[in-house]
Amino acid sequence: MIEDWRNGGFGLYLHWPFCTSKCPYCDFNSHVAASIDQRRWLAAYLSEIDRVAEETRGRLLNSVFFGGGTPSLMDPDVVQGILDRIRARWTPANDFEVTLEANPGSVEAGRFRAYAEAGVNRLSMGMQALNDSDLKRLGRMHTVAEGRAAFDIARDAFGRVSFDLIYARQDQTPADWRGELREALSMAVDHFSLYQLTIEDGTVFGARAASGHLKGLPDDESSGDMYLITQDICDEFGLPAYEISNHARPGAESRHNLIYWRYGDYAGIGPGAHGRLTLDGGRWATEAPKAPGKWLEMVEKDGNGEGPRDGLSGADQATEFLLMGLRLTEGVDLGRFEALSGNQVATGRLGYLQEIGMIWRDGSRVGVTREGRPLLNAVLREMLA
């Protein structure tokens, strides 16, 4: 019997923790630094790549994702050095995908060409809005004109370009979003990540909301309308949802993110990076310390940038498998759930959810319907009860 992770593949995530500024909505592990010793960071990444490669020797590597932070602040020779070492330590898949996140304000044509020459073949751009006043509210450093120019540069340098947009922003109406989304889709993008603005604790927006100073957020009904508008317009333009918040032309889906959602294995390297690794017959959750200085010190002094690993029981794995897999429109194979958990999902619960239009079933596969996607958490609670 093959190890379960092979159903999803194997990827490598590298976290670059630095940004030029901290956006008020952002709860990612990102830090503003006056200066960065990029050679020192390269040495640490290479050390961690070597360590993880020893544990996963012989695996086919499907994807690499440079996330952050703002990885487009990395010197191109740092990216080159990392990818050279990765290619030396693993066998890349024939359709090997290497994604780098970028902010429009850090875009330079020469820099992007150098990333492409290093082996980056997909760019994910944090556009976030096509409205200058909203970009300012979101704390973004670029204008719409700069964002469009950056996108054009990216399209010239990379075969695949995705960008992110946030909706349900302050004072945004469904009609505003309809027009903005159509404008974005006219830019010949083949992949979108479209997120509703969420207010997280520990962010500037979170503090403003708690004190009553974050005004103009759409109510639940308007936000729900914007979600439905997103589905309708993206379908019209040939970019259906393949995951709750991600839309793509067929074949342009993010291969790296599919590893997460199909519950494959992935190694996480860098401050705050998480991973899931199957080793010695068990599956392990890995996590690195969030503080950049602490992570760097651990790698340099101890030769290991991870914290203690947590073993995952079969029940833990089965729950994670459903939590991730039901985000996908392709659904999941309940045979994998049963193999991981040792139990079946109650037939009566599946029948009830299908009867009320929340899920679909096709043999051993089950997925969430378009009507059920906005209620995914409730569907999951029912299936796991």
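Derivation of every value follows stated rules applied to the coordinates shown; laboratory data play no part. Computed from a predicted structure; not experimentally measured. Here the Cβ is made from the backbone with ideal geometry for all residues, glycine too, and neighbour counts use every protein chain on show.
Most exposed first by the Cβ proxy, i.e. fewest other Cβ within 10 Å, how do His256, His31 rank?
His31, His256
Could you tally up the Lys pairs in the chain with alpha carbons closer than 22 Å? Skip any pair fewer than 8 positions apart unless they're on separate chains.
Total qualifying Lys-Lys pairs in the chain comes to 6.
Once Rh for the stretch 88-156 is found with the Kirkwood sum over Cα pairs, what is the Stokes-Einstein diffusion coefficient at 10 °C and 1.306 mPa s, in µm²/s?
The estimated diffusion coefficient comes to 120 µm²/s.
Cα centroid distance between the stretch 326-383 and the stretch 71-101, in Å?
Measuring centre to centre over Cα atoms gives 36 Å.
Over the stretch 128-218, consider all pairs of different Cα atoms and compute the Kirkwood hydrodynamic radius from their mean reciprocal separation; express it in Å, one decimal.
It works out to 14.3 Å.
If you rank Asp171, Asp280 by fewest surrounding Cβ atoms within 10 Å, what's the result?
Asp280, Asp171
Quick test of your reading: applying the under-4.7 Å Cβ rule, which cysteines of the chain are isolated?
Isolated Cys, the chain: Cys19, Cys234.
222 nm [θ] for the chain, helices only, -39500 (n - 2.57) per DSSP H run of 4+, per residue, to 500?
Value at 222 nm, helices only, nearest 500: -12000 deg cm²/dmol.
Between the stretch 180-213 and the stretch 273-310, what's the alpha-carbon centroid distance in Å?
30
Quick one: the Cα spread of the chain along its three principal axes, in angstroms, biggest first?
Cα extents, longest axis first: 58, 54, 43 Å.
Which value does Rg/Rh take for the stretch 314-385 over its C-alpha atoms, Rh per Kirkwood?
0.92
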